[in-house]
1. Using 0.36 nm per residue, how much length does the chain from residue 100 to residue 79 gain when fully extended, once their Cα-Cα distance is taken away?
2. Can you tell me the order of 34-45, 72-83, 51-62 when each peptide is scored by its average per-residue count of other Cβ atoms within 10 angstrom, highest first?
C-alpha cells in the first residue's frame, strides 16, 4: 500500500488595511446658472477622485493615500476614503458638469439646463 501525501498550498496574504471612511465637509451655493459645490478633501489627488451623477443622485468619493517609511509611532493623518452622496435636481445639465481640484478643495460646477433657468415673461398689450 502506498503512502498518501497531502499537499497543502499556503498563501501568504497581506492583511487588508482598515481605511477609515470620512464624510467631507461641503459648502453649496446656487445662483441662476448653476449649483456650485465645494468639498474639502485634503491630501486627495485628482486622479483618486470619483464623481458620479445618476438619476438625481450625486456621489463623490476620493482616496487619500499616505506613504510612510519606517514603523508608525503615532498617526493622526493617515489614509482615508472620503464619501458623500447628495440628491440633485433633474434639471442639472449633466453633459456640462465640470470639476477642479486645488489646495485640497474639490470645486464642482453643476450647470442648470436652459429650461430650468428663470426667465422673465414679457407682457404684451393688445
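1. Roughly 5.4 nm would be gained on extension.
2. By packing density, highest mean first, the sequence is 34-45, 51-62, 72-83.
Bear in mind these aren't lab numbers, they're just calculated from the coordinates by the rules spelled out. None of the values given here were measured: they were computed from a predicted structure. Glycine gets a Cβ as well: all are built from the backbone with ideal geometry, and neighbour counts include every protein chain shown.
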